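Notes for the one structure printed next.
The values are calculated or read from the model by the stated rules, or taken from the named source; none is laboratory data. Source: prediction; values computed, not measured. So basically every Cβ, Gly included, is an ideal-geometry build from the backbone, and we count neighbours across all protein chains shown. Keep in mind that these areas ignore ligands, DNA and RNA; they rest on the heavy atoms of the full protein, side chains included. Shrake-Rupley method; radii C 1.70, N 1.55, O 1.52, S 1.80 Å.
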Number of protein chains: 2
Amino acid sequence: MAEQLIGNLLVAQSGGPTAVINSSIAGVIIEAGRHECIEEIYGGLNGVYGILHEELIDIGEENTRAIQRLKHTPGAALGTCRYKINFEKDPEQAQKDTDRLFDIFQAHNIRYFFYVGGNDSQDTTNKVHLEAQKRGYELRAIGVPKTVDNDLTHTDHCPGYGSVIKYNATTVTEVGADVQSMATDEGFCCIIEVMGRAAGWIAAGTVLAKHEPEDPPHIILMPEIPFDQDKFIAKVKENVDHHGCCVVVVGEGSKDTEGKEIGADNSHLDAFGHPVLAGAAERLADIVEPALNLKTRTMKLGYAQRAAAHYASETDVEEAFACGEAAVKAAVDGQSGFMVKLVRESDEPYRWTTGLQPLGDIANLERTIPRDWITEDGWLPNEKFITYARPLIQGELHLPSMNGLPVFARLIKVKLEKKLPPREM
Amino acid sequence: MAEQLIGNLLVAQSGGPTAVINSSIAGVIIEAGRHECIEEIYGGLNGVYGILHEELIDIGEENTRAIQRLKHTPGAALGTCRYKINFEKDPEQAQKDTDRLFDIFQAHNIRYFFYVGGNDSQDTTNKVHLEAQKRGYELRAIGVPKTVDNDLTHTDHCPGYGSVIKYNATTVTEVGADVQSMATDEGFCCIIEVMGRAAGWIAAGTVLAKHEPEDPPHIILMPEIPFDQDKFIAKVKENVDHHGCCVVVVGEGSKDTEGKEIGADNSHLDAFGHPVLAGAAERLADIVEPALNLKTRTMKLGYAQRAAAHYASETDVEEAFACGEAAVKAAVDGQSGFMVKLVRESDEPYRWTTGLQPLGDIANLERTIPRDWITEDGWLPNEKFITYARPLIQGELHLPSMNGLPVFARLIKVKLEKKLPPREM
């Protein structure tokens with residue numbers, strides 16, 4: 001039994017939202033309410049960026065209905081950021097940020113810190129944990145996994161992933177029905193661009209829409225398999241000849257044989273220095289249409305896919321919630337410096353539990369699809385992938401609606417009084 | 001009481017599918033089953049294009065579950081086409097087509113003809129009706145309205161429209177929550193491209209996502225209001241300054257002050273000679289990003305919006321079904337040469353019924369949004385539009401699902417034996 005640590009809790013979110021990121025927040029908040037050692041529950045607005053500005057809210061002022069509704073509310077209810085405490089690129093600012101962060105922890109007696117995010121956020125949580133140890137500041141810091149990209153290591157999968165592929169597979173099923181019904185003698189090609197920078201998990205997930213060989217998707221382009229233009233054109237033609245149409249799903253980060261991203265625009269970089277990806281579908285249409293003289297249409301689902309709470313996976317919502325709960329339980333038990341992970345116990349029936357992984361094992365690593373989960377010719381994921389992915393999309397929510405649209409949580413966000421001078425930049 | 005006409009029924013679909021186009025087919029089939037004068041129910045595959053090739057299926061072979069599931073199955077279950085019997089452009093081919101069509105009607109004793117479609121399809125139905133009269137061929141031809149574009153005249157609205165705006169408004173709500181949660185000091189612009197060529201009905205419908213002034217969408221660009229680049233940039237800036245982000249919805253057919261479509265690519269024409277529209281959102285991003293030095297992301301929902309049966313409007317499904325029923329009732333009652341229309345009896349509570357309009361009044365006309373349904377400054381639809389649109393998105397379906405994805409009808413499509421020689425081109 002660990003020594004009891006009495007103090008306040010701070011939870012925050014980082015990186016791109018998912019349909020279930022707030023379910024993890026609900027898990028943290030509801031579990032925290034069960035432990036006397038946790039005095040006040042605070043939320044950090046806009047992740048570490050807002051925390052550095054001492055933008056904290058008092059979760060205790062939120063009503064319980066709003067907290068329940070967080071389970072199925074898209075976006076990051078506490079706000080998010082892409083800001084990173086970057087010791088490699090700017091050690092001076094990073095040191096300032098770290099000092100400031102611990103000043104804020106001290107000022108508000110934060111003893112429990114939970115950060116919900118992807119790779120970069122787990123790295124931040126790890127740094128906070130190590131720094132607390134170094135300073136002798138009693139803090140329990142636990143990372144909660146979140147990413148539609150499903151690219152965190154050591155966890156079976158990531159909360160957010162099941163929902164994005166459920167929505168995308170549904171979209172492919174529906175668009176497939178639409179496109180197939182328009183297939184006349186002339187043929188048709190439809191190209192659907194989905195998210196996924198370094199890994200093809202999101203694109204691959206749309207294979208769940210395929211029940212019969214003629215069903216869409218007919219081709220899935222994943223970053224794991226280098227894109228070969230001539231083979232691609234031949235494969236589209238083969239599908240149009242057989243099925244009258246070809247539905248292609250392309251991950252935004254798919255790369256050509258020279259490693260260059262199909263849709264990369266190197267003139268735009270995001271806050272982490274990654275090139276902004278746009279237009280893989282448009283680029284492919286520019287290739288296919290003239291080569292095959294084929295009517296071609298594109299779609300770019302963009303943020304709609306990761307925000308689609310109205311068709312989220314019930315399994316995903318439950319797992320995200322459980323990750324939040326498990327983080328609090330672990331911290332109360334005396335743990336720090338871990339990320340909660342999902343552990344699969346069996347495929348069928350699907351059984352899972354949560355576990356803990358040292359944050360140092362996670363940070364800044366990316367997991368891609370194993371090569372033997374993709375067919376030999378590289379055009380589609382195979383049965384191994386399907387066995388893995390299918391349980392993750394099970395179950396539908398029945399969201400409350402008003403005036404024909406889903407109703408989501410709206411937090412009132414009562415801000416804590418600031419105790420420190422404004423942040424110096 | 002009209003003279004009883006005994007014979008077979010042919011129903012077919014044309015133009016782009018909607019989420020509820022098959023609900024109208026179900027309405028036709030189920031209503032037809034109630035009338036002894038209708039002997040056999042046939043479906044024409046791929047609209048008039050397939051009918052000219054004598055591609056007919058025997059609906060009597062389909063099981064009743066499949067017919068029930070048609071109510072919520074996307075795509076055109078009988079297949080569709082963009083083929084038009086075009087007396088203006090190619091009178092010789094049009095005459096050949098017309099002769100062929102009546103040979104097929106005669107060969108299969110078609111006495112009831114129902115064509116589900118938009119402007120061009122109603123024109124075709126009218127020509128079939130007039131030609132039957134001219135030839136003294138006893139036929140009752142009724143058009144059933146269908147178009148996500150909502151641009152048919154004389155009907156209060158079009159089946160398919162309620163579902164597309166329900167899905168799009170839901171997407172704007174969800175993406176809005178996502179984008180707002182990422183809004184930091186730097187600001188953010190998200191541009192969502194939706195369908196709508198000459199009319200802004202689809203774009204306008206997303207205003208239903210807005211409950212508070214700060215809610216997305218912040219700007220809706222409709223083809224009815226000429227696009228002024230400088231004013232647009234200023235309006236985006238104003239929104240980013242106030243709300244930290246700006247969510248823009250743009251109809252694909254929005255035009256600049258010279259009448260040129262923002263996203264038009266005049267090098268590509270579709271089967272009706274209209275320019276293929278693509279990239280209005282991308283074009284706007286190219287304008288906004290450098291002008292305001294603002295992080296900008298785009299989405300192009302494409303066919304996903306018109307195929308989104310998983311979040312279709314229950315009201316829309318019911319109305320589409322009722323239009324199919326009403327078409328059969330009218331024909332059995334002796335009517336021909338009409339389109340079924342939806343008639344609004346009151347806004348609140350919303351009450352509606354069906355009526356009939358001579359096809360000659362409908363064909364090839366387009367209805368745009370009245371200017372006084374748009375705010376004076378032109379950036380959003382106003383309360384008049386909202387009163388009109390809100391009833392159309394009411395009610396959710398609870399679709400059957402299997403393995404986490406919605407289950408749709410799969411027709412077995414037993415083809416009729418051909419009685420005529422192949423079509424001569």
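Take each residue of peptide A:294-300, count the partner chain Cβ atoms within 10 Å of its Cβ, and average: the result is 5. Within the shell defined by Cβ-Cβ distances under 13 Å, the residues around residue B:103 carry a net charge of +1, with Lys and Arg each +1 and Asp and Glu each -1. For GluC sites (Glu not before Pro), no site in segment B:309-358 is both called loop by DSSP and has at most 14 other Cβ atoms within 10 Å. Report, in whole Å, the centroid distance computed from the Cα atoms of segment A:68-113 and segment B:88-144. Cα centroid to Cα centroid, the span is 68 Å. For chain A, modelled as a GNM whose springs connect Cα atoms under 10 angstrom apart, the maximal fluctuation among A:334, A:263, A:324 occurs at A:334. With protein chains left intact and a 1.4 Å probe, residues in the protein assembly as shown average 37 Å² of accessible area per residue. Chain B against chain A buries an accessible area of about 5200 Å², both chains summed, 1.4 Å probe radius.
The residues of segment A:13-30 listed by number as losing at least 10 Å² of accessible area in the complex, against the isolated chain and with a 1.4 Å probe, are A:17. The figure for residue A:157 is an accessible area of roughly 0 square angstrom, using a 1.4 Å probe on the protein chains alone. Gyration tensor over the Cα atoms of chain B: the corresponding equivalent ellipsoid has semi-axes (square roots of 5 times the eigenvalues, largest first) of 41, 22, 19 Å. Contact residues in segment A:392-415 by the 10 Å² criterion (accessible area, 1.4 Å probe, full protein complex versus chain alone): A:393, A:394, A:396, A:398, A:401, A:402, A:403, A:404, A:405, A:406, A:408, A:410. For residue A:344, the distances from its label point to the matching points in the remaining copies are 5.1 nm, ordered from shortest, with each point set 7 Å beyond Cα toward Cβ.
Label-point distances for residue B:3 to the equivalent site in the other copies, using a point 7 angstrom along Cα→C-beta, read 10.2 nm when ranked shortest first.
The mean sequence distance of close C-alpha pairs (under 8 Å, at least 6 residues apart), as a share of the length of chain A, puts its relative contact order at 24 percent. Accessible area drop of at least 20 Å² (1.4 Å probe, protein heavy atoms): which residues of segment B:169-211 qualify, relative to the chain alone? Residues shielded by partner chains are B:170, B:173, B:174, B:175, B:177, B:178, B:181, B:182, B:184, B:185, B:211. Summing Lys and Arg as +1 and Asp and Glu as -1 over all other residues whose Cβ lies under 13 Å from the Cβ of residue A:154 gives a net charge of -1. Placing dummy labels 7 Å off each Cα toward the beta-carbon, the span from residue B:407 to residue B:420 is 3.9 nm.
Structural descriptor for segment A:137-209: relative contact order 34 percent, calculated from alpha carbon pairs under 8 angstrom and at least 6 residues apart.
These residues, A:62, B:40, go from largest to smallest accessible area, 1.4 Å probe, as B:40, A:62. Where chain B is carried onto chain A by rotation, the Cβ closest to that axis, with its residue and distance in Å, is B:300, 2.
Between residue B:366 and residue B:130, the simple label model (points 7 Å from Cα in the Cβ direction) yields a spacing of 2.2 nm. Qualifying trypsin sites (Lys or Arg not before Pro) in segment A:1-81, where qualification requires a DSSP coil assignment and no more than 11 other C-beta atoms within 10 Å, comprise A:34. With Cα atoms as the point set, the protein assembly as shown shows a radius of gyration and Dmax of 28.2, 98 Å. DSSP beta bridges fully contained in the protein assembly as shown are about 40 percent antiparallel.
How would A:146, A:89 rank on accessible area, largest to smallest, probe 1.4 Å?
A:89, A:146
Ordered by solvent-accessible area of protein heavy atoms (1.4 Å probe), largest first, the residues B:195, B:299 come out as B:195, B:299. Solvent exposure of residue B:222, expressed as accessible area, is near 0 Å², computed with a probe of 1.4 Å over the protein chains only. Averaging Cα coordinates gives a centre for segment A:204-222 and one for segment A:385-416; these two points are 25 Å apart. In this structure residue A:255 has an accessible area near 50 Å², from a 1.4 Å probe over the protein heavy atoms. Per residue of the protein assembly as shown, the DSSP helices (runs of n ≥ 4 H) give a summed -39500 (n - 2.57) that works out to -10500 deg cm²/dmol at 222 nm. Net charge in the neighbourhood of residue A:251 (other residues with Cβ under 14 Å of its Cβ; Lys, Arg +1, Asp, Glu -1) is -3.
Only protein atoms count toward the accessible area here, which uses a 1.4 Å probe; on segment A:23-102, the carbon and sulfur part of that area reaches 43 percent.
Rounded to the nearest 0.05, the FRET efficiency derived from the C-beta distance between residue A:87 and residue A:64 at R0 = 35 Å is 0.30. Computed 3J(HN,Hα) for segment B:340-356, one whole-Hz value per residue from the Karplus formula 6.51 cos²θ - 1.76 cosθ + 1.60 where θ = phi - 60°, is 5, 10, 9, 10, 8, 9, 7, 7, 8, x, 5, 10, 9, 8, 9, x, 10, glycine and proline marked x.
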